[in-house]
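Student: Just dropping this structure here.
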Amino acid sequence: MLVERTENSGVVSCLYKSSNILASTYNQEKKELNITFNAGRRYTYYGVEHKDYVRFEIAESQGQIFNKHIKKYMTKKNEDIDPNPLLEKVSNLITN
């Protein structure tokens, strides 16, 4: 479930309340989707079509759309992060 969305210069950043997916950043020009998982793992997916990204962003379950439409794209694992600050932000957005 989408809890926060910002857009700046063609880059869309979102936070989610999901059992597995915490955040995403989609560069519309480059068609690159960066996904941060709840455990802090981060991946970049290349060549992601806008229609697949929109499905992912607005889905009730990001995980279902990820498995059906996003996993097929070429991917690269990025450096893991500490997810706790983002998890706290999501929690605060939901309770306020």
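The values are calculated or read from the model by the stated rules, or taken from the named source; none is laboratory data. The structure displayed is predicted, hence computed values, not measured ones. All Cβ positions, even for glycine, are placed from backbone atoms using ideal geometry, and neighbour counts span all protein chains on display. Keep in mind that these areas ignore ligands, DNA and RNA; they rest on the heavy atoms of the full protein, side chains included. Shrake-Rupley method; radii C 1.70, N 1.55, O 1.52, S 1.80 Å.
Student: If I go through the stretch 39-63 residue by residue, how many of them are at pLDDT 95 or above, out of contact with any helix residue (DSSP H, G or I) (no Cβ under 6 Å at 6 or more places or on another chain), open to solvent by 30 Å² or more (accessible area, probe 1.4 Å) and farther than 15 Å from Leu15 by Cβ?
Tutor: Within the stretch 39-63, residues that are at pLDDT 95 or above, out of contact with any helix residue (DSSP H, G or I) (no Cβ under 6 Å at 6 or more places or on another chain), open to solvent by 30 Å² or more (accessible area, probe 1.4 Å) and farther than 15 Å from Leu15 by Cβ number 9.
Student: Sticking with this structure for a sec: How many of the residues making up the stretch 60-96 are outside any helix (DSSP H, G or I) and either touching a residue at least 60 places away in the same chain (Cβ under 8 Å) or closer than 15 Å to Ile35 by Cα (or both)? Walk me through how you get there before you give the answer.
Tutor: First pass over the stretch 60-96, keeping only residues outside any helix (DSSP H, G or I): 60-61, 71-83, 96.
Subset that is either touching a residue at least 60 places away in the same chain (Cβ under 8 Å) or closer than 15 Å to Ile35 by Cα (or both): 61, 71-83.
Matching residues across the stretch 60-96 total 14.
Student: Just give me the residues in the stretch 14-25 being open to solvent by 40 Å² or more (accessible area, probe 1.4 Å) and in contact with a Ser or Thr (Cβ under 7 Å, 6 or more places away or on another chain), in sequence order. Walk me through it before giving the result.
Tutor: Kept after step one, since they are open to solvent by 40 Å² or more (accessible area, probe 1.4 Å), are these residues of the stretch 14-25: 17, 19-20, 25.
Passing the criteria: only Thr25.
Student: Every residue in the stretch 64-96 that is closer than 21 Å to Lys30 by Cα and open to solvent by 90 Å² or more (accessible area, probe 1.4 Å), please.
Tutor: Scanning the stretch 64-96 gives Lys71, Lys72, Met74, Lys76, Lys77, Glu79.
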